[in-house]
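Peer 1: Below: one structure in structure tokens.
Nothing in this text is a laboratory measurement; each read-out follows from the coordinates by a stated rule. This one's a predicted model, so the numbers in the text were calculated from it and none came from an experiment. Virtual Cβ from ideal backbone geometry, glycine too; neighbours counted across all protein chains shown.
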């Protein structure tokens, strides 16, 4: 099969698509990655096909993340949400046309829940559609305020295409009616009993980046002492990154441990650091976390998955969205030390949490046990098999048929 994979958002939203694309390519399918231009270098470095769809994601998601961090209820305000979503709303017509073009001659479209153009292309052009989520998305699962905000973002253009309005366009209504895949582990999250049979919790996805090599100074730092604490806030954009870096420096000194700070989207750790600390830009989480004594992080779904898969204990500092959910799961599973609220974070509290987490062997033992279970799930393979079982016998229209179907222009009212 020839398959287009798309989404919009942060690294955590993109990672599962790339992992699935690798699995599809290795199994003889043709995968094309349709993403915002921010991700072209990453995709091409992995040897995958790339086509640009939509606006730059980092600038838009940065503003949305900062707004939600300042005020978790910001999307309940129609005026504030309209302004925040304006750049994304204005980009939808172009993204829709770009994605239609990317799908020409292809058999299947796979999308995450944050790409509003995907479901529209599926509905107007008839290309079979699989949804892929890296967090818990289900019908009716978002707040009324968020639904109103995203309705105003998506429904005006749906109306122009002659499509019916939807109630929850970037969550429940983004899901496929035939195959909804969740890159989540059943050892971390219990499958909701209310889900229909075609919603599948397949396991976490693993992206192969074996060709990546650390620079000499990072390798030397890792070899020069015991496993460090790794701090990773990923795509979280924090307004007080310099202040947080100072807290991390003092916590590392108070806990008398070595620390690696991933800079992430907030640029943490870019100032001069003491000898027991090292700042790194990009490094695959699987590679870096497996060399850590514990990981201090924000609790994003992708970072949480990487920590669980690495078999090391964690300290969660959850901020927004689904981050408290994964922190709660980690506490229940016994793989995380004391959770810290961002508003209560101090160097003393973090140092105490590091000492508790690294000195008590039960956290590490539980983390290793969870790692073994998670790695036995083979999430990307299960996802690929479900796609093949569901679509291989019924999505093989000729390229000519598919091209003419996709090139047919829907009526704009």
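Peer 1: Per the helix-only calculation at 222 nm, which mean residue ellipticity applies to the chain, given -39500 (n - 2.57) for every DSSP H run of n ≥ 4 and division by its residues, nearest 500 deg cm²/dmol? Can you show the working numbers first?
Peer 2: Numbers: 15 runs with 188 residues, N = 413.
Value at 222 nm, helices only, nearest 500: -14500 deg cm²/dmol.
Peer 1: A further question on this structure: To the nearest 10 degrees, how steeply does helix 323-333 sit against the main Cα axis of the chain, on a 0 to 90 scale?
Peer 2: Once rounded, the angle reads 60 degrees.
Peer 1: Now, a different point. What is the distance, in nm, between label points placed 7 Å from the Cα along the Cα-to-Cβ direction at residue 393 and at residue 80?
Peer 2: The two pseudo-label positions are separated by 5.2 nm.
Peer 1: Which angle between 0 and 90 degrees, to the nearest 10, do you get for helix 57-70 versus the longest principal axis of the chain when only C-alpha atoms count?
Peer 2: The two axes meet at around 60 degrees.
Peer 1: Now for a separate question. Determine the relative contact order of the chain: mean sequence separation of Cα pairs under 8 Å and six or more apart, normalised by residue count, in whole percent.
Peer 2: On the way: 776 pairs, mean separation 69.6, N = 413.
Across the chain, relative contact order equals 17 percent.
Peer 1: What list do you get for 29, 113 if you sort them by fewest beta carbons within 10 Å?
Peer 2: If I rank by nearby Cβ atoms, fewest first, I get 29, 113.
Peer 1: Given 10 °C and 1.306 mPa s, how large is the Stokes-Einstein diffusion coefficient of segment 98-215 in µm²/s, with Rh as the Kirkwood radius over Cα pairs?
Peer 2: On the way: Rh = 15.7 Å.
The diffusion coefficient I find is 101 µm²/s.
Peer 1: For 287, 42, what's the fewest-to-most ordering of other Cβ within 10 Å of each Cβ? Before the final figure, lay out the partial values.
Peer 2: Values: 287 15, 42 19.
Exposure proxy ranking, most exposed first: 287, 42.
Peer 1: Evaluate the Debye formula for segment 197-332 with equal point scatterers sitting on the alpha carbons, no solvent, and hand back log10 of I(q)/I(0) at q = 0.12 Å⁻¹, in q order, two decimals.
Peer 2: Normalising to I(0) and taking log10 leaves -0.47.
Peer 1: I'd like the distance separating the alpha-carbon centroids of segment 256-305 and segment 108-132, in whole Å.
Peer 2: Answer, in whole Å: 35.
Peer 1: Compute the distribution of all C-alpha to C-alpha distances in the chain, in bins of 20 Å from 0, and list the percent of pairs in each, rounded to whole numbers.
Peer 2: 27, 57, 16, 0
Peer 1: Something else about it: Suppose a student asked you for the relative contact order of segment 257-329, using Cα pairs under 8 Å spaced at least 6 residues apart; what percent would you report?
Peer 2: Working: 100 pairs, mean separation 17.6, N = 73.
Relative contact order, segment 257-329: 24 percent.
Peer 1: Calculate how steeply helix 241-255 sits against the longest principal axis of the alpha-carbon atoms of the chain, using the helix alpha-carbon long axis, and give the answer as 0 to 90 degrees to the nearest 10.
Peer 2: Rounded to the nearest ten degrees, it is 40.
Peer 1: Okay, moving on. Report the full-extension gain for the segment residue 178 to residue 348: residue separation times 0.36 nm, less the Cα-Cα distance, to one decimal in nm. Working shown, then result.
Peer 2: Values: separation 170, 0.36 × 170 = 61.20 nm, distance 5.05 nm.
Extra length from residue 178 to residue 348 when fully extended: 56.1 nm.
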